Amino acid sequence: MKLYPEMFISPWHLIVLVLVIIAFIGLIMGGYDRKTVLRCTGISAIVFYCLLTIPVGLVTQNYMYTEETMIQEMDRNFEERADLVVSPDDYVIAHVGAYKRNEYANILVYVGNYHETESFSGQISVLLKDMDGNEVFTTTYDDVSLAPGQKIEVEKTSTSQPMELTVTTLERIPNKMGMRSLVYGAI
């Protein structure tokens, strides 16, 4: 299990602060002495923090690991195609990944702009086929805007079809000059 800072400090941890304040006020209203109030408030803060951090950590770890894996794969795909880059549009890469969940597979679509100075604004079409060549997933993302170096998740969906050896097709259609280019990748 990989640990991320978001697992330990998140907006959800404000719940701990609220619960500690409630415990503090309850102890004061209960007429306990100062030493008992401070000791019990400190213990309740530790207990509440641990009880909240476990579920938040499990959810966050899964999300952060998936995002990290998708971006690493997208980076690897771009590096493999770096010698084919001839125009600013060739710096835009999409990566489709499938993560098996019981009998379903979660399909994630990430898009990244690898150009250092040019931003991308346009339409991105993605076609996903299964092992038999059947269309599993096809969609077009309109008005996608990416700053230089930006990498984002554009969609998360699920399917019950097998996801081994599937092929993705990315078609980028920039708003400027109507240029088109194709990139093929595999998940």
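Search the range 109-141 for residues being aliphatic (A, V, I, L, M) and open to solvent by less than 10 Å² (accessible area, probe 1.4 Å), and hand back the single one that is modelled with the highest pLDDT. Here the answer is VAL111.
Being outside any helix (DSSP H, G or I) and farther than 30 Å from VAL92 by Cβ narrows it down to one of ILE46, ILE9, so name that one.
From the options ILE46, ILE9, the qualifying one is ILE9.
Within the option set THR66, THR53, being within 20 Å of LEU108 (Cα to Cα), of a type in the set (Ser, Thr, Tyr) and either touching a residue at least 60 places away in the same chain (Cβ under 8 Å) or surrounded by 13 or more Cβ atoms within 10 Å (Cβ to Cβ) (or both) holds for one residue only, THR66. For the range 14-31, filtering for residues that are surrounded by 15 or more Cβ atoms within 10 Å (Cβ to Cβ) and either over 30 Å from THR60 (Cα atoms) or in contact (Cβ under 8 Å) with a residue 40 or more places away in the chain (or both) leaves 1. Pairing each residue of the range 132-144 that is closer than 18 Å to SER121 by Cβ with any residue that is outside any strand (DSSP E or B), provided the two are 6+ apart or on different chains, yields C-beta distances under 9 Å for ASP143/ASN175.
The values are calculated or read from the model by the stated rules, or taken from the named source; none is laboratory data. Here the structure is a predicted model, which means the values were calculated and not measured. All Cβ positions, glycine included, derive from the backbone under ideal geometry; neighbour counts span all protein chains shown. Ligands, DNA and RNA are excluded from the accessible area calculation, which covers all protein heavy atoms including side chains. Shrake-Rupley method; radii C 1.70, N 1.55, O 1.52, S 1.80 Å.
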